[in-house]
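Beneath this line is the structure, given in structure tokens, with notes to follow.
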Amino acid sequence: MNIIIPMKRVPDTAIQVTVKDGRVLLDEVETWVINPYDEYAIEEALRLIERQGEGKIIIVTIGPEAAQETIRKALAMGAHEAYHLLDDAFEQLDPLGRARVLAAAIEKIGEYDLIWPGFKGVDNDEGQTGVMVAEFLGLPHVSTAITVEEVADGHAVVKAEAEGGYRRVRVPLPAVVTQTQGPNEPRYPTLRGIMGAKKKPLTVWNADDVGVDRDELEPVVEVLSVERPPARKAGRILEGEPEDVAKELVRLLHEEAKVI
């Protein structure tokens, strides 16, 4: 089976980004990583192929030339080949534009059984692109998947999050599955995997290669500004006898915090 993973490159979640004049200064970000939910998708896809005994994982990433370092990490984890979508027209994409480009690239790649991105990117937290890819391609979609438990008879059984628990969905293939945090931690690339990644196919396509009209990529959603949340006020410590402290706490919650 063939699994395509649209993978996003995001700032390392362990670093603090700089916000200035209403925008995030991405040029100052030194460390970029695989979007964590995409990384969970890669891990679950690898495990599915290991259970099936055959298959191929294809990475598709939109990003600048430097994104190839992140793509190579996915290849080092075990993905088999990758496509890097690189064009000046791709620099300011909103979720709709990103989905349009990814869908066009996936159509050109051709044969696939599953399209398996993370359910959102941790940079903008929009959670729209995967669903839009499914719509562009006319495919069924299962959101907030935990893992794909089984693939057989042209269908996949997907375990996904539900309110207060889990749900199991049987979906015909091909389909789009968007991954939340999975049951397995993503594997670390081995030295052998890192060396082997250098030899795996990595194809670069621009807007003309995938057949998208640059005029259709103009953002329909504009981010007006980005701000850090206000600093938390310092906490207060109430001292005294337990009975007096309890009474003062209730008074503060009622009169100042107004939560009771």
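The values are calculated or read from the model by the stated rules, or taken from the named source; none is laboratory data. Note that the structure is predicted; figures quoted are calculated from it, not measured. In this analysis, Cβ positions are derived from the backbone assuming ideal geometry, glycine residues included, and neighbour counts consider all displayed protein chains.
Filtering region 123-136 for residues that are under 19 Å from the mean Cα position of the chain (by Cα), farther than 30 Å from residue 53 by Cβ and among the β-branched types (Val, Ile, Thr) leaves a non-empty set.
Residues in region 135-173 that are assigned to a loop (DSSP other than H, G, I, E, B), out of contact with any helix residue (DSSP H, G or I) (no Cβ under 8 Å at 6 or more places or on another chain) and not hydrophobic (A, V, I, L, M, F, W, C) were compared, and the one that is farthest from residue 111 (Cα to Cα) is 164. Go through the residues of region 109-123 one by one and say whether even a single one is farther than 15 Å from residue 9 by Cα, in contact (Cβ under 8 Å) with a residue 24 or more places away in the chain and in a helix (DSSP H, G or I). The answer is yes; a qualifying residue exists. Evaluated against (1) over 26 Å from residue 76 (Cα atoms); (2) surrounded by fewer than 11 Cβ atoms within 10 Å (Cβ to Cβ), residue 169 falls short on exactly one condition, (2). Among the residues making up region 147-167, those that are farther than 24 Å from residue 54 by Cα and charged (D, E, K, R) are 161, 163, 167. Name every residue in region 221-260 that is surrounded by 10 or more Cβ atoms within 10 Å (Cβ to Cβ) and under 24 Å from the mean Cα position of the chain (by Cα), in order of residue number. Of everything in region 221-260, those that are surrounded by 10 or more Cβ atoms within 10 Å (Cβ to Cβ) and under 24 Å from the mean Cα position of the chain (by Cα) turn out to be 221, 223, 226. Note on region 1-98: enclosed strands (runs of 3 or more DSSP E) holding 1 or more residues that are under 13 Å from the mean Cα position of the chain (by Cα) and within 29 Å of residue 192 (Cβ to Cβ) are 2-6, 9-11, 32-34, 56-62. Any residue at all in region 228-239 that's closer than 28 Å to residue 93 by Cα and either at pLDDT below 95 or not in a loop (DSSP other than H, G, I, E, B) (or both)? Within region 228-239, one or more residues are closer than 28 Å to residue 93 by Cα and either at pLDDT below 95 or not in a loop (DSSP other than H, G, I, E, B) (or both). Name the single residue that is nearest to residue 37 (Cα to Cα) among those in region 144-186 being free of Cβ contacts under 8 Å to residues at least 60 places away in the same chain, among the small types (Gly, Ala, Ser) and touching a Leu at 6+ places or on another chain (Cβ under 7 Å). The extreme case among them is 156. Only a single item in (1) of a type in the set (Lys, Arg); (2) surrounded by fewer than 18 Cβ atoms within 10 Å (Cβ to Cβ); (3) modelled with pLDDT of 95 or more is not met by residue 98, and it is number (2).
Selection of first residues in region 210-226 that are modelled with pLDDT of 90 or more and of second residues that are in a loop (DSSP other than H, G, I, E, B) and surrounded by 11 or more Cβ atoms within 10 Å (Cβ to Cβ), restricted to Cβ pairs under 6 Å at least 6 apart or on distinct chains, gives the following pairs, ordered by first then second residue: 219/94.
In region 137-153, what residues are among the small types (Gly, Ala, Ser), at pLDDT 95 or above and surrounded by fewer than 18 Cβ atoms within 10 Å (Cβ to Cβ)? Across region 137-153, the qualifying residue is only 138. When you scan region 17-36, do you find a residue that is buried (at least 23 other Cβ atoms within 10 Å of the Cβ) and out of contact with any Gly (no Cβ under 6 Å at 6 or more places or on another chain), even just one? Yes; the residues of region 17-36 include at least one that is buried (at least 23 other Cβ atoms within 10 Å of the Cβ) and out of contact with any Gly (no Cβ under 6 Å at 6 or more places or on another chain).
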